[in-house]
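Undergrad: Once you've had a glance at the structure underneath, I'll fire off some questions.
The values are calculated or read from the model by the stated rules, or taken from the named source; none is laboratory data. Since we're looking at a predicted model, the values are computed, not measured. Note: ideal-geometry Cβ built from the backbone for every residue, glycine included; neighbour counts use all protein chains shown.
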């Protein structure tokens, strides 16, 4: 494990998603592995930590998650801009070597067989809470967060420190058509 | 209607939320009106446009939405930093004059009786799609978007133009404890 990857307590895992970054969703079932980009992921509960993510029925990642019951949400950064867009544009059903095309490197933590994307700034491993109606009617998956980690160069002690870090580590926020925003400046309410 | 408030076609309404801004949730039932801040709102479907939002059972806003069946999600901006934090911190159950304390001014569009917060940069009026299990078990509400508008100084022709506008109009992205981030720079994937 790289020294800058530090565990995040589950009660603070929501903070990794709270500012609304675009995420990468990864999953594995035996030798089947896929990663896709998703803008529609969100925290759902503080403790026990839960998340939602919308997964279209056309995606291989969803198929793997339905088979295996686990997925990871991870927060890609500006350095991964093109890879993030490619992971959201290419389907593994059409390009079996999708991950190679995208240059996506994977690693594992905690002996969990959920592949994580190297170079991201936060990772949440989640177990699907089966909700057949939500999954079928709304493509909406709910996950219980079973492990969370972050890159300590930008997230430590429960807080993001984007201002201290290189711009390449800023989170990405997708709009449409290949256009993203990076996260901006920290501002504090003053009451 | 102020001239800079322009209608957004419903098929592009998701773009108002896609970059993950913190939102204000407003609702009205007869003379009962409340507004709260929420970081956990997300697009759910492109067309017909749908959204999710997590509403804690302790909030008056949720109570009103359960009575009335409509809510608005709106995107506050940096100029509204302190108001946004206050709207998320003060309960109208404890402070009946919450909206006065927060300095929240309301207006209406399209003869819909859903109050909208003045000074925001985007507004989505939503009709609750009743999902009793999600509402009870997960505090998760699903809404069908029935009208969308944006401030044309920062969103027009389906795109955000934060770089062209004053910093005061940037969206806010909440972390915790009064700390937010503003949205940053536009970046484009280059494949």
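Undergrad: Can you pull out every residue in the range A:168-186 that is more than 7 Å from chain B (Cβ to nearest Cβ), within 16 Å of residue A:153 (Cβ to Cβ) and part of a strand (DSSP E or B)?
TA: A:171
Undergrad: Give me the residue from the range B:66-79 that is assigned to a helix (DSSP H, G or I) and either under 14 Å from the mean Cα position of the chain (by Cα) or within 12 Å of another protein chain (Cβ to nearest Cβ) (or both) and, out of that set, farthest from residue A:17 (Cα to Cα).
TA: Going through the qualifying residues, I end up with B:79.
Undergrad: Here is a follow-up. Give the number of residues within the range A:84-105 that are free of Cβ contacts under 8 Å to residues at least 24 places away in the same chain and either on the phi > 0 side of the Ramachandran plot or in contact with a helix residue (DSSP H, G or I) (Cβ under 9 Å, 6 or more places away or on another chain) (or both).
TA: Total satisfying the criteria: 6.
Undergrad: Can I ask one more? Exactly one of (1) more than 7 Å from every other protein chain (Cβ to nearest Cβ); (2) within 20 Å of the chain's Cα centre (by Cα); (3) outside any loop (DSSP other than H, G, I, E, B) is unmet by residue B:153. Its number?
TA: Status for residue B:153: all satisfied but (3).
Undergrad: List pairs: first residue in the range A:37-50 and within 14 Å of residue B:140 (Cβ to Cβ), second residue surrounded by fewer than 19 Cβ atoms within 10 Å (Cβ to Cβ) anywhere in the structure, Cβ distance under 6 angstrom, at least six positions apart or on different chains.
TA: Between residues of the range A:37-50 that are within 14 Å of residue B:140 (Cβ to Cβ) and residues that are surrounded by fewer than 19 Cβ atoms within 10 Å (Cβ to Cβ), the close pairs are A:50/A:144.
Undergrad: Let me ask something additional. Kindly indicate the residue of the range A:109-126 that is part of a loop (DSSP other than H, G, I, E, B), at negative phi and free of Cβ contacts under 8 Å to residues at least 60 places away in the same chain and also nearest to the chain's Cα centre (by Cα) among those meeting that condition.
TA: Once the filter is applied, the top-ranked residue is A:121.
Undergrad: For the range B:80-89, indicate whether the set of residues that are part of a loop (DSSP other than H, G, I, E, B) and either surrounded by 23 or more Cβ atoms within 10 Å (Cβ to Cβ) or over 13 Å from the mean Cα position of the chain (by Cα) (or both) is non-empty.
TA: The answer is no, given that none of the residues of the range B:80-89 is part of a loop (DSSP other than H, G, I, E, B) and either surrounded by 23 or more Cβ atoms within 10 Å (Cβ to Cβ) or over 13 Å from the mean Cα position of the chain (by Cα) (or both).
Undergrad: Would you mind stating whether residue B:124 is more than 13 Å from chain A (Cβ to nearest Cβ), closer than 29 Å to residue A:191 by Cβ, touching a strand residue (DSSP E or B) at 6+ places or on another chain (Cβ under 7 Å) and modelled with pLDDT of 95 or more?
TA: Yes: the conditions hold for residue B:124.
Undergrad: Right, another one. Of all residues in the range B:146-191, how many are at pLDDT below 95 and in contact with a strand residue (DSSP E or B) (Cβ under 6 Å, 6 or more places away or on another chain)?
TA: Of the residues in the range B:146-191, 1 are at pLDDT below 95 and in contact with a strand residue (DSSP E or B) (Cβ under 6 Å, 6 or more places away or on another chain).
Undergrad: While we're here: For the range B:33-48, what are the residues that are within 12 Å of chain A (Cβ to nearest Cβ) and either assigned to a strand (DSSP E or B) or on the phi > 0 side of the Ramachandran plot (or both)?
TA: B:37, B:38, B:41, B:42, B:43, B:44, B:45
Undergrad: Test of understanding: among A:148, A:165, which residue is in contact with a helix residue (DSSP H, G or I) (Cβ under 6 Å, 6 or more places away or on another chain), more than 9 Å from chain B (Cβ to nearest Cβ) and over 27 Å from residue B:155 (Cβ atoms)?
TA: From the options A:148, A:165, the qualifying one is A:148.
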